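Contents: one structure, followed by commentary.
The values are calculated or read from the model by the stated rules, or taken from the named source; none is laboratory data. Treat the numbers as computed from the prediction; the structure is a model and nothing was measured. Here the Cβ positions follow ideal geometry from the backbone for every residue, glycine too, while neighbour counts run over all protein chains shown. We work out accessible area using only protein heavy atoms, side chains counted, and drop any ligands, DNA or RNA first. Shrake-Rupley method; radii C 1.70, N 1.55, O 1.52, S 1.80 Å.
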Amino acid sequence: MTDLKDIKAFTFDIDGVMTDGGILADLEGQLYRTFDAKDGFAVRMACLNGFPVGVITGGRSQSIRARFSSNGINPEDIYLGSRNKIEDFDDFCMRHRLKPGEVMYFGDDIPDIEVIRAAGIGVCPSDAVEEVKEAADIISDRPGGKACVREYMEKAMKAQGRWVFDAIAYKKKF
């Protein structure tokens, strides 16, 4: 496992990580998710402090793109409809000139295992499936959708002295 001080970027799944896994659907087929604002703030802090951040999800809803673009993630770093997450993870690393060992990845289910193993630090929420818990370097005390991403993004940034809030830059960017 990579040291928290060596993490240069963050990537994560959505359903079951940034959400509790619940999805509401209306009669027109629109899907609705609930996100924790604390996770969103951690994503903003990472972007504000120069960390590349990526989303790699099987979800296809444009609401995911809208949510995380508003948190500062570049649209090209939001991989929707991912059916081979390691390919998208490798693309993210290549475009940002990163080694997989320099990236922290958060996942909770079977499609995330290969990326969890490839990443420098693989993190899962406390309610991840058993196979993911076995593959992960870290199991958060928090379940998906309840700031498990915030917990370890913040720890990594604090370990590097980069958990710094600049109100002027924040106001300009967000």
Starting from the Cα gyration tensor of region 1-44, multiply each eigenvalue by 5, take the square root, and state the resulting semi-axes largest first in whole Å. 30, 11, 8
Given Cβ point charges of +1 (Lys, Arg) and -1 (Asp, Glu) and nothing else, what value in debye, to the nearest 20, does the dipole of the chain about its Cα centre take? 1000 debye
Amide H within-cut-off set for residue 12, under 5 Å, with H built and near neighbours excluded: 54, 55, 56, 106
If you find the alpha carbon centre of region 75-94 and of region 113-157, how far apart are they in angstrom? 18 Å
Which option, [x] 0.95; [y] 1.04; [z] 1.11, is the value of Cα Rg over 2.2 N^0.38 Å that was calculated from these coordinates? [x]
What is the magnitude of the charge dipole of region 100-164 about its Cα centre, with +1 placed on the Cβ of each Lys and Arg, -1 on the Cβ of each Asp and Glu, and no other charges, expressed in debye to the nearest 20? 460 debye
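I'd like the carbon and sulfur percentage of the solvent accessible area for region 1-59, probe radius 1.4 Å, heavy atoms only, ligands and nucleic acids excluded.
Carbon and sulfur atoms account for 53 percent of the accessible area of region 1-59.
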Residues of the chain: accessible area per residue with a 1.4 Å probe, Å²: 49 Å²
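Set the Förster radius R0 to 30 Å, insert the Cβ-Cβ distance between residue 163 and residue 65 as r into 1/(1 + (r/R0)^6), and round the FRET efficiency to 0.05. Intermediate values should be presented prior to the final figure.
On the way: r = 26 Å, r/R0 = 0.88.
Once rounded, the FRET efficiency stands at 0.70.
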